[in-house]
Structure formats: structure tokens, C-alpha cells
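What follows is one structure encoded as C-alpha cells, with my remarks underneath.
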Amino acid sequence: MPVTGLTIEPLGQRVGAEITGLDRERVESDPSVAGACMDALEQFGVLVLRGMGLDDSAQVRFCRRLGRPEARSTRAVPEIAHISLDPDRSPIAGYLQGTFDWHIDGTCDDVPAKATVLTAHAVAEQGGETEFAGTYAAYDALGPEEQERLARLRVVHTFEASQRRYVPDPTPEQMADWRTRKPMEHPLVWRHRSGRRSLVLGATADHVVGLEPEASRTLLDDLLERATSVDQVYRHTWSVGDTVIWDNCGVLHRALPYRADSAREMHRTTLLGDEPIQ
Ligand code: SIN
């Protein structure tokens with residue numbers, strides 16, 4: 001339903017829209033805003049809210065209107081994860097190089113995240129943009145024969161697969177740590193409750209069940225390459241205060257690399273999902 005004074009302008013050819021007419025006060029006081037954002041998220045996959053300047057508590061209050069924020073950060077606000085490559089600023093810094101590859105959050109959980117809300121507190125001098133590509137669009141772009149063939153395949157996802165690309169010779173401790181996250185097997189084609197279908201791809205996709213390793217890698221790499229070709233991608237160049245929300249069930253994302261000593265710091269809230277990949 002249209003909301004007075006709020007406009008939604010598509011950004012990319014396939015994914016992404018900018019919302020204007022919102023400010024920090026309005027996201028907290030106008031009860032119609034959250035519903036409008038969630039409807040737009042289903043349609044556009046990624047929403048850009050420039051210059052909102054949300055502090056942590058305002059971000060959490062907004063997220064509570066959008067859904068159920070996960071609360072597992074060990075920092076002062078449990079719903080806010082600090083994203084920085086500096087271990088003094090982020091307890092998860094050691095895993096974050098994995099965000100430089102295309103991925104979907106929560107493919108190694110029983111139920112993946114519904115959506116992610118990210119606010120820029122400091123930006124990188126070079127790099128550090130975030131890119132998004134739609135996985136509904138990736139499925140829709142396939143021909144009927146390929147859609148039918150891929151719908152029969154299942155893929156094993158592991159946290160280890162996403163980390164090994166940056167740590168090819170892990171220590172036994174690193175291996176043991178990665179393997180505390182159990183492998184998950186998912187269909188390659190996700191049949192959503194809404195009736196839409198999407199491809200489940202990205203850095204955690206370790207292998208296709210029943211295929212030889214080389215054929216499996218070739219297929220996964222080819223599908224990812226097609227899903228993330230330049231014309232499918234929205235790239236967000238951050239300014240401090242921007243908030244971006246993405247539909248984690250229908251979008252792949254990645255950060256473009258930035259220096260380990262970069263000032264870049266993002267505050268992330270994950271909205272819990274309620275739909276397993278099936
Ligand atoms: C993430 O993958 O959740 C973080 C993305 C980013 O740092 O841009």
C-alpha cells in the first residue's frame with residue numbers, strides 16, 4: 001500500500017531500490033513504514049536508505065518493527081554485530097574475509113536469515129562497497145529444461161568451504177572451529193512459500209550431491225557467474241549514515257575487498273528467518 005511522502009525508485013536493472021521520504025524520526029514514529037519496507041524488499045530485494053544516521057538503539061527499534069532481530073553479539077547491544085577487519089573492533093573479524101565472496105547468510109543454519117540491515121559507521125578509503133545480485137532473477141533467467149534439471153539437484157553447504165578460500169592451509173584448531181558448524185544439504189532450487197523460486201548458491205556451496213568433484217565445481221561456478229554477471233548486480237558505494245536492507249532469501253551479497261587496517265565499520269542486524277530452504 002502506498003505510504004504518504006515515501007518514494008521507491010529502482011536502482012539496478014534486476015535488484016535494488018532507493019527509498020526516499022524517510023528520516024530517523026519517521027522510521028520510529030510512523031507504523032506504516034515497516035510494512036512498506038517489507039513489501040518493497042520482497043519486490044526489489046535490496047533497499048537503500050541514504051543518510052539515515054541510525055545509531056544502534058534506533059537501528060534495533062526499527063528492526064523490531066521489521067521482524068525478529070537476532071541477539072547473539074557479545075557487544076553492548078546484542079542485536080548489533082560489528083563488521084570490521086580489526087579484531088579489536090569486531091570479535092568476528094577473523095571470519096570476515098569470507099564476506100568478500102558472494103554468499104547468502106545462514107546457509108549453514110537450519111533456517112537462513114530473513115533479511116539483513118547494515119548501517120555504515122565508517123567507510124573504506126578504497127574498496128568496501130557491497131554488491132548484491134538477485135537469486136530469484138538468476139532462476140527466472142534459466143530455460144525451462146535447465147530449471148527442471150537443476151530442481152532435481154541437492155548441494156552440501158559448509159562453513160569450511162567459505163573459509164578455505166582465504167585460509168587454504170588451516171591449523172587443526174581452525175579446522176575444528178569451522179567444523180563446529182555442521183554441513184547442511186539444501187536443494188539447489190528453493191521453492192519458496194510465496195510460490196517464487198530461487199537458486200541457492202555462494203561461497204558455502206561445497207559440492208553437488210552425486211556429481212564428480214570437477215563437474216560439481218564447474219556447475220556451481222557457472223551458475224554463480226551467470227547469477228552475478230555485471231548487469232545483474234547492484235553495487236552500493238557507502239557514505240557514513242547509509243542503511244541498506246536486503247532480502248537474504250532472494251539475494252546474494254559480497255563486500256568488495258578493503259584493507260585490513262581500514263577504518264571501515266558497519267553495524268549489522270540480522271532478522272531471523274522462518275522459512276527453511278526446501
Ligand atoms: C556481510 O556479508 O554481512 C557484510 C557485508 C559488508 O561488509 O559489506
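When VAL123, VAL117 are checked against the criterion of being open to solvent by 10 Å² or more (accessible area, probe 1.4 Å), of a type in the set (Val, Ile, Thr), at negative phi and in contact (Cβ under 8 Å) with a residue 12 or more places away in the chain, a single residue qualifies: VAL123. Comparison of ARG181, ARG193 shows that the only residue that is in contact with a helix residue (DSSP H, G or I) (Cβ under 8 Å, 6 or more places away or on another chain) and open to solvent by 40 Å² or more (accessible area, probe 1.4 Å) is ARG181. Condition (residue is away from the ligand (no atom under 16 Å from the Cβ) and touching a strand residue (DSSP E or B) at 6+ places or on another chain (Cβ under 8 Å)) applied to the range 249-261: is it met by at least one residue? No, the range 249-261 has no match at all.
Residues of the range 143-160 that are surrounded by 19 or more Cβ atoms within 10 Å (Cβ to Cβ) and either within 16 Å of the ligand (Cβ to nearest atom) or assigned to a loop (DSSP other than H, G, I, E, B) (or both): HIS157, THR158, PHE159.
Scanning the range 103-123 for residues that are among the hydrophobic types (A, V, I, L, M, F, W, C) and either in contact with a helix residue (DSSP H, G or I) (Cβ under 6 Å, 6 or more places away or on another chain) or near the ligand (Cβ under 10 Å from one of its atoms) (or both) yields ILE104, CYS108, ALA113, VAL117, LEU118, ALA120. When VAL111 is tested against (1) under 23 Å from ARG65 (Cβ atoms); (2) touching a strand residue (DSSP E or B) at 6+ places or on another chain (Cβ under 9 Å), exactly one condition is not met: (2).
Just one of the listed residues (VAL200, VAL240) is under 27 Å from LEU118 (Cα atoms), surrounded by fewer than 21 Cβ atoms within 10 Å (Cβ to Cβ) and of a type in the set (Val, Ile, Thr), namely VAL240.
The values are calculated or read from the model by the stated rules, or taken from the named source; none is laboratory data. It should be emphasised that the depicted structure is a prediction, and the values quoted were computed from it without experimental measurement. Every residue, glycine among them, receives a Cβ derived from its backbone with ideal geometry; neighbour counts consider all protein chains shown. SASA here: full protein model, heavy atoms, side chains in, ligands and nucleic acids out. Shrake-Rupley method; radii C 1.70, N 1.55, O 1.52, S 1.80 Å.
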